[in-house]
C-alpha cells in the first residue's frame, strides 16, 4: 500500500512545467527505488498470471514505453505493482530530441501532447542501465516482472536506412529483454510512420525476422518481437499490417501509440500544438484498432492494448475489445500509481 496519496503530490507536480515535472519524478524514482523510500509509491502486486507469447505475465497491466526512455527506473516502476514494464524507445546513438517546450498538459481532457522525438542517451547507456536493475532478484517466489525493451531509429538516419538502426538496437537489447517492441508509430520522428506502409513494413519485418532467428540460435533463447502501431490507421491499413506481421511470424502487436487527431480536444489550450495526443481522448480510437486487429489476426495472436486507460473500467474495455494485456502511461500521470492495481483488479474480476 502506497504511503503517499498521489492526490497530495499531483498539485505540486502540475504546478511545474510538464517536462520539468517528468524529469523530477524520474529522478525521484531513480534515487529511491533501492531504498525504503520506495514505500511512498510502492504497492503489492496483484497476482493474476497469464500466458502470452510464450511468456508468463504476473498480471495483465504494464507500464508503456516512453516514460522511462533510458531504463533508469525499472525497479521503481516494478514497485508500483505492474506485471511488466516496457522502457525506451532507445536509438543506436544518443539524441536530444525536439526543441523545448515539447510536452503539454490538457487537464480538462485528461490528456497530454508530446513531441519529444525519441530523446534518449543511446543504446550503450540504455543497456548499462538495464544491467543495473535488480527486479529479477526480488521475486519472493512469485513470477518475476517481465521487461520489454522498445527500439527505434535515430532522427538523423535516412528513412531508407531505418532497418540498419533497428537491427543495431535489436542486436543490443536481445540478450536482456523478455520481449522487444519495434516502434514504427511515433509521430515525432520525421517519416517514421511511413514504415507502416506495406512495402516498407514488409522489408523491415523481414529483416527483423531473419535477425531474430539468428539471435535465437546465438543466445539459445527465443525473445518475442512485438510491433507498435498508430491509432490513425483505417481498416484496410490495419489488414495489411496484420497480414504482414503474420507473414513474418511476429509475436505480437502493441496497439496503439499516440494520435495526430485533435477532434476530441478542439478549442482547448495547447490543442493545436504539434505532436502526439495521449490520454483519455485516445481510448476509443485505440479500442477500434484493437477490435479490427483481433478480427484480422484471429484468436491467439497477442495484442497489447494501450491508450486512454484512466480507470479499471477503461482497462477492461481493452480486454473486451480483444487485447490480451494492457499498458498505461498518461493515466499514471493523471491518476497516480493506484491506477495500476485498480486496473489489475478490474481485469482479474472478469476472468
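Based on alpha-carbon atoms, the Kirkwood radius and the radius of gyration of the chain give Rg/Rh equal to 0.93. Packing here is the average count of other Cβ atoms within 10 Å per residue, and on that basis the peptides 114-125, 84-95, 283-294, highest first, run 84-95, 283-294, 114-125.
Here the peptides 242-254, 205-217 are ranked by packing, the mean other Cβ count within 10 Å, and the order with the highest first is 242-254, 205-217. Computed packing ranks the peptides 154-161, 196-203 as 196-203, 154-161, most packed first, by mean other Cβ atoms within 10 Å. Between residue 39 and residue 350, residue separation times 0.36 nm minus the direct Cα-Cα distance comes to 109.0 nm.
Considering every Cα-Cα pair within segment 182-301, what fraction, in whole percent, is farther apart than 18 Å? Looking at segment 182-301, the distances longer than 18 Å represent 54 percent of pairs.
Each value in this text was obtained by applying a stated rule to the coordinates, not by laboratory testing. Remember, it's a predicted structure, so these values are computed and weren't measured experimentally. Counting neighbours? That spans all protein chains shown, and the Cβs are built from the backbone with ideal geometry, glycine included.
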